[in-house]
Amino acid sequence: MTATLIDGKAIAARMRADVRADAEALAAAGWVPKLISISVGDVAAAELYVRNQHRQAEAAGVAFESRNYPETISLEQLTGVIAGLNADPRVNGIIIQRPLPGHIPVKALQKAVHPLKDVEGMHPASIGNIVYNDLTLGPCTAVAAVEILKTLPLKMEGLDVCVIGHSEIVGKPIAFLMMGLGATVTVCHHMTRQVALHSRAADAVFVAVGKPGLVTGAMLKPGAALIDIGINRTADGRVVGDADFDSCAQVAGWITPVPGGVGPVTVAILMKNAVLATRMQMDHYRAAFAAAV
Amino acid sequence: MTARVIDGKAFAANVRAQVAAHVARLKEEQGLTPGLAVVLVGEDPASQVYVRNKGTQTVEAGMASFEHKLPADTSEADLLALVARLNADPKVHGILVQLPLPAHLNSELIINTIDPAKDVDGFHISNVGLLGTGQKSMVPCTPLGCLMMLRDHHGKLAGLNAVVVGRSNIVGKPMAQLLLGDSCTVTIAHSRTKDLAEVCRRADILVAAVGRPEMITGDMVKPGATVIDVGINRIERDGKARLVGDVHYESAAAVAGAITPVPGGVGPMTIACLLANTLTACCRANGLPEPEGLTA
């Protein structure tokens, strides 16, 4: 193996320490950052994530409350709940856990969250800000992937980047975040004729498709950075990414492992968003109601 | 080989005719008249010409045109109040605040105060995000016009390599989103791109939107590619003022499969798409099916 392994856990730990310092400063000003997690119906699928988020929140000095609503709740009732949380000054961030039951469209809920409390970065206004190169609250996974790349000794300006997968919450926001940093970005997807043609020209490759083994060493430029965002469970119960790790590690200059790469950083970004959102709300509140102070 | 010239004037006339036919149907069947409100602050001569053209073409398409001309020293509060009134007016389906605004007005705040459903320019931050997440939105007029011409020329765009040169908020970025939406493999190149010629030569579809006269030359074009030139640059040559695009037309046309000229290419499509967006906004506001072939 020639590639340097990127330690996502260590990056996440450093971020959490910074977040914790910010959270403590906010708490001292009377604004303890607080997240509300909303899940609906059968929680088994999301439980692991929620528990993990809860633990990380505590480690970062962020209050966390998990709420579960019955499967039978209507969309109107849920948007009503969110409207209440939007109006509650003690709540600073709202997380919509997936999966949701079929009758609750996730986009309708994401749109209902106030943009200042959108810690998942899923509101259209949050995505619009990214496109306009004004990053405030960005989608956690995409931001995490880009933050990982930024820890490497690479100049982002002029960097040739290939993003494989054009999902709305990962691939596309990564493309726009990287473009904002001055990279030349190519977005590939299932309709791309020859992915290898594009990936081999790239100094950095992001892959977020959900297909194990999709990227092989032969598709990489020697020395390139490979950020693997895929999380796939194999038949024998292992968790693997979208890259064929062994062959890619022979060719890449840096590579993220799965697990232990993008995953831990994603949760750290959620906490970073929580303190960012809290700070924005505090500033907004002071500007609106305490201008004279 | 010489490229097929894509006649933007004829194409735009056809779009306007489609819009007019649809508007006539809306009036007859639903008793609805789509309305476009254009707000002009100050007396910028170029903006006055644009606003006049928009008004004329709106009326020609059978729609209602509401022009609001305000003095250059209009306060932000007054302008915001006007936008709020237009948001609430059921006769107004599209609102366009002509940019640039005088320096004392916060353009971002004013654009983001327009109801996103009436934001026919597609500049509201929510529309940008909706487009970015593949949801129904109002799409900026110039890239929408380019997309219509590309679909007309190619039929299906899926799988084609598209390169967009320029990353502006009003053309480059939405253009990239639209091409991704049609399943192109999209590269966005710009001033920081290391080897622009090499990147451009990969393109089956090359969209130039940088605002630099004739910077894309024939040697940067893949033989047979479709070249869309969004640039409009005023230069002086042989002592005469001329309009040229971002593409060096003669050399590119010798290599490309199809090309838009400047003037007479993308330019005329912008107002045609503004009318199309106003019609779309009217249909959506009334729960009617969207006009086919006139949306993203």
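A short reminder: the numbers here are calculations on the coordinates, not readings from a lab. A quick note: this is a predicted structure, and the numbers were derived from the prediction, not measured. When we count neighbours, we look across all protein chains shown, and the Cβ atoms used for this are built from the backbone with ideal geometry, even at glycine.
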>> Compute the helix-to-body angle for A:262-289: its Cα long axis versus the longest principal axis of chain A, expressed 0 to 90° and rounded to tens.
In response: 40 degrees
> If eta is 1.306 mPa s and T is 10 °C, what Stokes-Einstein diffusion coefficient results for chain B, Kirkwood Rh from Cα pairs, in µm²/s?
Replying inline: 80 µm²/s
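State which entries of A:Lys9/A:Lys107; A:Lys221/B:Lys194; A:Lys172/B:Lys173 exceed 20 angstrom in Cα-Cα distance in the structure shown.
Values: A:Lys9/A:Lys107 30 Å; A:Lys221/B:Lys194 16 Å; A:Lys172/B:Lys173 11 Å.
With Cα atoms farther than 20 Å apart: A:Lys9/A:Lys107.
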> Per-residue HN-Hα couplings for the stretch B:191-196, Karplus 6.51 cos²θ - 1.76 cosθ + 1.60 at θ = phi - 60°, whole Hz, x for Gly and Pro?
Replying inline: 4, 8, 5, 5, 10, 4
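With Kirkwood's inverse mean 1/r over C-alpha pairs for Rh, give me the Rg to Rh ratio of the stretch A:145-195, two decimals please. Mind showing how you got there, number by number?
On the way: Rg = 11.0 Å, Rh = 11.3 Å.
Value, to two decimals: 0.98.
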>> Lone cysteines in chain B, defined as no other cysteine's Cβ under 4.7 Å from theirs: which are they?
In response: B:Cys146, B:Cys184, B:Cys200, B:Cys282, B:Cys283
>> Which aspartates and glutamates, if any, have their Cα less than 13 Å from the Cα of B:Lys136, not counting same-chain residues under 8 positions apart?
In response: B:Asp119, B:Glu290
> Which whole-Hz ³J(HN,Hα) couplings does the stretch A:228-244 yield from phi under the Karplus relation 6.51 cos²θ - 1.76 cosθ + 1.60, θ = phi - 60°, glycine and proline marked x?
Replying inline: 9, 9, x, 10, 10, 9, 7, 4, 8, x, 7, 9, 10, x, 8, 9, 7
>> Cross-link candidates for B:Lys27: which lysines have Cα within less than 24 Å, leaving aside residues fewer than 8 places away along the same chain?
In response: B:Lys54, B:Lys91, B:Lys118
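What longest range of chain A stays clear of loop-exposed GluC sites (Glu not before Pro) (DSSP non-H/G/I/E/B, at most 13 other C-beta within 10 angstrom)? Walk me through the numbers before you get to the answer.
Details: sites that count: A:Glu71, A:Glu157.
Answer from the scan: A:158-293.
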>> Could you tell me how many cubic angstrom of Cα convex hull volume the protein assembly as shown has per residue?
In response: 173 Å³
> At B:Lys9 and A:Arg20, where each label point lies 7 Å from the Cα along Cα→Cβ, what is the point-to-point distance in nanometres?
Replying inline: 7.1 nm
> In degrees from 0 to 90, rounded to the nearest 10, what is the angle of the helix B:8-30 Cα long axis to the longest principal axis of chain B?
Replying inline: 30 degrees
> So which trypsin sites (Lys or Arg not before Pro) in the stretch A:195-245 end up in coil per DSSP with only 11 or fewer other C-beta atoms within 10 Å?
Replying inline: A:Arg238
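Give me B:Ser107, A:Ser199, B:Ser183 ranked fewest to most by other Cβ atoms within 10 Å of their Cβ, as a rough exposure proxy.
Numbers: B:Ser107 14, A:Ser199 24, B:Ser183 17.
Neighbour counts put them in this order, fewest first: B:Ser107, B:Ser183, A:Ser199.
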> Where does helix A:75-87 land angle-wise versus the long Cα axis of chain A, in degrees 0 to 90, nearest 10?
Replying inline: 70 degrees
> Lys/Arg Cβ at +1, Asp/Glu Cβ at -1, dipole of the protein assembly as shown taken about the Cα centre: which of A:Phe64, A:Leu26, A:Leu152 is farthest positive-ward?
Replying inline: A:Leu152
>> So for the stretch A:30-115, averaging the separation of alpha carbon pairs under 8 Å that are six or more residues apart and normalising by length, what relative contact order in percent results?
In response: 42 percent
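Just want the ordering: B:Asp115, B:Asp238, from fewest to most Cβ atoms lying within 10 Å of their own Cβ.
Working: B:Asp115 17, B:Asp238 5.
Placing the least packed residue first, the sequence is B:Asp238, B:Asp115.
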> How high is the relative contact order of the stretch A:139-263, in percent, counting Cα pairs under 8 Å that sit 6 or more residues apart?
Replying inline: 22 percent
